[in-house]
1. Is there any pair linking a residue in the stretch 104-121 that is among the polar types (S, T, N, Q) to one that is buried (at least 16 other Cβ atoms within 10 Å of the Cβ), with Cβ under 6 Å and at least six apart or on different chains, and which?
2. Failed condition for T282, given (1) at pLDDT 95 or above; (2) of a type outside the set (A, V, I, L, M, F, W, C); (3) open to solvent by 60 Å² or more (accessible area, probe 1.4 Å), with all others met?
3. Can you tell me which residues in the stretch 179-193 are open to solvent by 20 Å² or more (accessible area, probe 1.4 Å) and in contact (Cβ under 8 Å) with a residue 60 or more places away in the chain?
4. Across the stretch 36-62, which residue is farthest from I164 (Cα to Cα) among those that are among the small types (G, A, S) and surrounded by 12 or more Cβ atoms within 10 Å (Cβ to Cβ)?
5. Applying the selection to the stretch 88-111, what residues are open to solvent by less than 60 Å² (accessible area, probe 1.4 Å) and under 21 Å from A292 (Cβ atoms)?
6. Can you go through A239, A235, A252 and tell me which one is in contact (Cβ under 8 Å) with a residue 12 or more places away in the chain and surrounded by fewer than 20 Cβ atoms within 10 Å (Cβ to Cβ)?
7. Quick check on N267: is it in contact with a Gly (Cβ under 8 Å, 6 or more places away or on another chain) and over 17 Å from V124 (Cα atoms)?
8. For the stretch 165-276, give me every one of the helices (runs of 4 or more DSSP H) that falls completely inside it and has 1 or more residues that are under 25 Å from L15 (Cα atoms) and not β-branched (V, I, T).
Amino acid sequence: MRNLNLQFKKSALFLQGEKSKIKLNIQLTIIVYFLLWIIGLALGRLLALSVLNIFESTSNVSDNTVIALRKLMVCGMQIAVFFLWVKFVEKRPVNSIGFQAGKPLKSYIIGFIIGLCTITVVVVILDFIGAVKLQYRQVEYDYMIINIGIIAFGWIVQSASEEIAIRGWLIPSLEKNCTPLMSIAITAIIFGILHLFSSGVTVLSFINLTLSGIFFASYAILNGNIWGVCGMHFAWNLALGNIYGLPVSGFADNGEKIFQTQQIGANLLTGGDFGPEGGLVTTITLLIAIVALILKLRKYDRNR
């Protein structure tokens, strides 16, 4: 554990966090996080409600556009609130919350591929053991691509909002008063708590969300920025909800989908109403991914 803490502490993600002009203890840091998140959520929902009411009364807006716009406005407002806090309260550059990277686009694409492959492995295993049944939806190809493209913009902002708030701001802020491993553990639990009010939540789904929080945090720390986890989180949600047509953290209405997937196996495997993120296959996949990251970190440290 001590060696891991020392290795993690060298990450550029933590070094960037030291630029903040204010110092908060662990309790205050967590309180500020929830306050900023709730303020952004409330303002974003008010904005979305106002704008979407105008859109729906003056034009024929598709369901896919509504879903994307809601994510853009709600999650975009949450991002803006954290940016304002960092810029004007902590008086440090906005790019210091995990955006400093040599090749951000490359990092994002690599993260996207990892996220896509990870959730695809989960779905393929579920299909292989007969827990789900994948069925291609017969729709007009051009319209399907356009609709998924619209929804993708919403997922990009939604996934970025969580990564900016938790992995970009909260983890480095906590690490000033505790070890990197403790900051990972705290933020992973908070990541799970944020999804407790979703449909179909179980003990296993909470464990899996906590494990995914550890996986995302470890990946961000290993790379020293959040570009990769933003891409990973985006691919995970897009693939799960709009490629494979399964619930994303308890939300089943995610717009256009390529496959119409039936969950026919035990809830322990499929996750039930919560989706595969609440199933045992995801638990095993995430544990393997976390171990792989730790082994990679140790190999990287030995080669230095």
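The values are calculated or read from the model by the stated rules, or taken from the named source; none is laboratory data. As the structure is a computational prediction, the values presented were derived from the model and not from experiment. In this analysis, Cβ positions are derived from the backbone assuming ideal geometry, glycine residues included, and neighbour counts consider all displayed protein chains. With ligands, DNA and RNA removed, areas are computed over all heavy atoms of the protein, side chains included. Shrake-Rupley method; radii C 1.70, N 1.55, O 1.52, S 1.80 Å.
1. Listed pairs, sorted by first residue: S107/A101; S107/W227; S107/G228.
2. (3)
3. First pass over the stretch 179-193, keeping only residues open to solvent by 20 Å² or more (accessible area, probe 1.4 Å): 179, 181-182, 185-186, 189, 193.
Residues satisfying the conditions are T179, L181, I186.
4. Keep residues of the stretch 36-62 that are among the small types (G, A, S), which gives 40, 42, 44, 48, 50, 57, 59, 62.
Checking the rest, the ones that are also surrounded by 12 or more Cβ atoms within 10 Å (Cβ to Cβ) come to 40, 42, 44, 48, 62.
On the way: G40: 13, A42: 18, G44: 16, A48: 21, S62: 29 Å.
Looking at residues that are among the small types (G, A, S) and surrounded by 12 or more Cβ atoms within 10 Å (Cβ to Cβ), I get S62.
5. If the condition is that a residue be open to solvent by less than 60 Å² (accessible area, probe 1.4 Å) and under 21 Å from A292 (Cβ atoms), then S107, Y108, G111 are the ones that fit.
6. A252
7. On the way: in contact with a Gly (Cβ under 8 Å, 6 or more places away or on another chain): yes; over 17 Å from V124 (Cα atoms): no.
Here the answer is no, as N267 does not meet what is asked.
8. Details: elements: 171-175, 180-193, 203-223, 227-238, 267-270.
In the stretch 165-276, 171-175, 180-193, 203-223, 227-238 are the helices (runs of 4 or more DSSP H) which contain 1 or more residues that are under 25 Å from L15 (Cα atoms) and not β-branched (V, I, T).
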